[in-house]
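Below is one structure, written out as structure tokens; comments come after it.
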Amino acid sequence: MKRYAIIALLVAVAVFATYRLLKPQDGPEQAHAERRAGPLATPVTTVLAGRADIPVNRRSIGFAEPVAIVAVKSRLDGVIADQHVKEGQGVRQGDLLFTRDERGMKAQVARDEANVERDKATVAQKRADLARQKSLVDKGAGTQQALDQATADEAVATAVVKADEATLALDRVRLSYTTITAPISGRLGAITATPGNAVRANDASSNLVTVTELAPIRVTFTLPERDLTLLQEAANAQTPAKVTAFASGTREELATGDLSFIDSAVDIPSGTVSVKALFTNEPHRLWPGQYVDVVVQLGMMPGSVTVPSVALQEGQKGPFVYVTKPDDTVEARPVKVASNENGVVAIASGLSQDEKVVTEGQSRLAPGARIRLAAPQPAKP
């Protein structure tokens, strides 16, 4: 048995030796061909760089604030008789809010009216006296002193009537203060005085209610000092720069308004400039004090080279894209990014229109790597 195993081993050695003798040896041409073939090509997806007009957008975080807010106070001392509104109610300018006890002011106005009538009667009497004195003097039966006295009395009586009429007008104005109306349109806050409460005129420590204007409304935010030139150009443009407010941390659009204010100075500690935008806010989707994400369009970049955002890669020396070459290899091309919005990157420099960039498969690439176009994926049902 051992003898048969030795014979089989000898036969195998003889066959291998014959194969090596008959197989041609690798020459320089074969080795060069293998080196030229290199590693297997990486499947990738590519697109051509395009050209488009790209908006210049800047993002920030801001908060909504009312254009006007009024603390309603009583202009007279007295007692609240009636309350005509509820807390949180929307009101329009001139709507009735409260009625103060008006009995005292009505009595005062009635007294003023009586004084006017009384003093008008006095004026009539004094004018009659003056006419008689003039007649007597003309006939030589009167004295100049009596005529002068009658003239003075008539003038004094006329002045008293004018004073009475002024007092009456003032008290009628005060009577109008017993009805308290909304000074502006807006929404009411908490009501602090209910019927039966005594109120004091223009009490600094107490407001009857606060009215906050909701439409229009402002949004205040800041931008870096480097954007000041763009802001100034946008403010001087014939068409106001558009500002869009989004719910904080989301892409839910709340309202679109216009750039309305740029602060007159840059804040030195933060290096930012305060900016405001005005929104019509109908319906009331923006609320005073609400924080929002802000996107302001400060112009356009006409004819910008564009690629999909997925093509952009980040390296140690900054952003770059993989650009394909005619020999089916790739080059890592550094680029300068002008904007990256809504899945589209605007390239300021480093790339030309119609150059082919890689959009899928970059993770398996390196500069000089061989590539091939990936087979199209079947559509998902």
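Please treat every number below as a calculation from the coordinates, not as lab data. Everything numeric in this text was worked out from a predicted model, so none of it was measured. Please note: Cβ atoms are built from the backbone with ideal geometry, for glycine as well, and neighbour counts cover all protein chains shown.
Taking amide H positions as modeled 1.01 Å from N, with prolines and chain starts lacking one, the residues under 5 Å from Asp77 and 5 or more places away or on another chain are Ala201.
For the residues Val295, Val160, Val91, a GNM of the chain with alpha-carbon springs under 10 Å puts the largest fluctuation on Val160.
Counting only residues at least eight positions apart within a chain, or on another chain, the aspartates and glutamates with an alpha carbon under 17 Å from that of Lys139 are Asp129, Asp148.
Rounded to the nearest 20 Debye, what is the dipole magnitude of the chain about its Cα centre when Lys and Arg each give +1 and Asp and Glu each give -1 at the C-beta? Rounded to the nearest 20 debye, it is 1800 debye. Its relative contact order, with pairs defined as Cα atoms under 8 Å and 6+ residues apart, puts the chain at 26 percent. Largest GNM mean-square fluctuation among Gly343, Gly186, Gly289, using the chain with Cα springs under 10 Å: Gly343.
Restricting the range 236-344 to trypsin sites (Lys or Arg not before Pro) that sit in a DSSP loop and have at most 14 other Cβ atoms within 10 Å of their own Cβ leaves Arg251, Lys317. Among the listed pairs Lys73/Lys162; Lys126/Lys162; Lys120/Lys162; Lys336/Lys356, which have their C-alpha atoms separated by more than 21 angstrom in this model? Pairs exceeding 21 Å: Lys73/Lys162. Sequentially through the range 288-293, phi angles give Karplus couplings (6.51, -1.76, 1.60; θ = phi - 60°) of x, x, 6, 8, 9, 8 Hz, Gly and Pro residues having no value and appearing as x.
When the inverse distances between all different Cα atoms of the chain are averaged and flipped, the Kirkwood radius reads 31.0 angstrom. The charge dipole of the range 223-328, taken about the Cα centre with unit charges on the Cβ atoms of Lys, Arg (+1) and Asp, Glu (-1), comes to about 20 debye, rounded to the nearest 20. Just name one of Phe246, Pro308, Leu208: the one whose Cα is farthest towards the positive end of the charge dipole of the chain (beta-carbon charges, Lys/Arg +1, Asp/Glu -1). Towards the positive end, the residue furthest out is Pro308.
Residues whose amide H comes within less than 5 Å of that of Glu355, counting only those at least five positions distant or on another chain, are Ala49 (H built at 1.01 Å from N in the peptide plane).
At most 14 other Cβ atoms within 10 Å and a DSSP loop assignment: could you name the trypsin sites (Lys or Arg not before Pro) in the range 38-142 that fit?
In loop regions of the range 38-142 (DSSP not H, G, I, E or B), the sparsely surrounded trypsin sites (Lys or Arg not before Pro) are Lys86, Arg92.
Once the mean of 1/r is taken over each pair of separate Cα atoms and inverted, the range 141-224 shows a Kirkwood hydrodynamic radius of 18.9 Å. Between Gly142 and Val137, the built amide H atoms are under 5 Å apart, and every one of these is 5 or more places off in sequence or on another chain. Toward the positive end of the charge dipole of the range 76-234, with +1 on the Cβ of Lys and Arg and -1 on the Cβ of Asp and Glu, the farthest Cα among Ile217, Gln232, Val123 is that of Val123.
Here the range 258-381 is treated as a sphere whose radius is the Kirkwood value from Cα pairs; by Stokes-Einstein at 10 °C and 1.306 mPa s it diffuses with a coefficient of 86 µm²/s.
Helical runs (DSSP H, four residues minimum) scored at -39500 (n - 2.57) apiece and divided by the length of the chain put the mean residue ellipticity at 222 nm at -10000 deg cm²/dmol. Considering only Gln238, Gln313, Gln290, the Gaussian network model of the chain with Cα springs below 10 Å gives its largest mean-square fluctuation to Gln238.
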